[in-house]
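The values are calculated or read from the model by the stated rules, or taken from the named source; none is laboratory data. Not measured: the values here are computed from a predicted model. Cβ: placed from backbone, ideal geometry, glycine included. Neighbour counts: every protein chain shown. In case anyone asks, the SASA skips ligands and DNA or RNA and just uses the protein heavy atoms, side chains included. Shrake-Rupley method; radii C 1.70, N 1.55, O 1.52, S 1.80 Å.
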Amino acid sequence: MADAFSLPPGYGFRRLVLEELQARQDLVGTLQIFEHPRKRGPRRYIIGGDVSDGIGKDRSVAAVHRMGTLEDPEEQVALYTSDTITPVQFAFILDALGHLYTDEDRYEALLGIECNNHGLSTQDTLQLHLGYSHFYRWEYLDAADPSKRYSTKIGWVTTPRTRPMILDKLYEA
C-alpha cells in the first residue's frame, strides 16, 4: 500500500528509511520534502535554481516554494542540494521537481535559474533538450512603459544592482 508521502515513479528519487537518514552526516544530495504537492485548491509553485560547477567547492540548490494566497502564506515546500552534480545533471533534477510540483492546471512550476555562471548550461539543457517551458522572464522594474517591462530573456542574473532587489523580496517574504 502506498502511503500519502510516496513519490510518483520516474522521478529518480527514493524515500530514505530512518536508518539511512541516521547514518548520513548531512542531507547534501537528498531531496527534502516539507510539504508534498497539493492536489486540491489554488496552488502555484516556484523553483529557484542556484547552479554550481559540481566539483565540491559550492552547492547547487533547488528551493521549491508554494506561492502565497489570501489563506496561506508563501512557504518553502522542498529543498535539494548537491555539491557533486554537474550543471547538465542538475537540469534533470530541476525538470523532475518542476513536473512534480505543478499548479492547479497541471502546468509545470515556474523556474528561475541564476544564470551568472553555470546556470546557462542548466537552462539550455532544460529548454532545448528536456522541453521545459515555464521560466522566469527577466523583468525591468524601472521600465517607463509597462508593456515593455518583460524581456525575452529567461533566468536571473545577480549583480550589484539586482542583489538588493532579491534581498528585499526575501525580507518581505
task: Scan the helices (runs of 4 or more DSSP H) fully inside region 63-173 and keep the ones with 2 or more residues being surrounded by 12 or more Cβ atoms within 10 Å (Cβ to Cβ) and at pLDDT 85 or above.
output: 87-100, 119-124
task: Check Ile47 against each of (1) assigned to a loop (DSSP other than H, G, I, E, B); (2) under 15 Å from Gly155 (Cα atoms) and name the one condition it does not meet.
output: (1)
Pair list, Cβ under 9 Å, 6 or more apart: region 153-173 residue closer than 21 Å to Glu75 by Cα, other residue open to solvent by 60 Å² or more (accessible area, probe 1.4 Å): Trp156/Asn116; Trp156/Ile166; Met165/Leu141; Ala173/Pro73; Ala173/Glu74
- request: May I ask you to list the residues in region 50-62 that are open to solvent by less than 40 Å² (accessible area, probe 1.4 Å) and not in a strand (DSSP E or B)?
  value: Val51, Ser52, Gly54
field: Members of region 23-49 that are aliphatic (A, V, I, L, M) and either touching a strand residue (DSSP E or B) at 6+ places or on another chain (Cβ under 6 Å) or exposed (fewer than 13 other Cβ atoms within 10 Å of the Cβ) (or both)
entry: Ala23, Val28, Leu31, Ile33, Ile46, Ile47
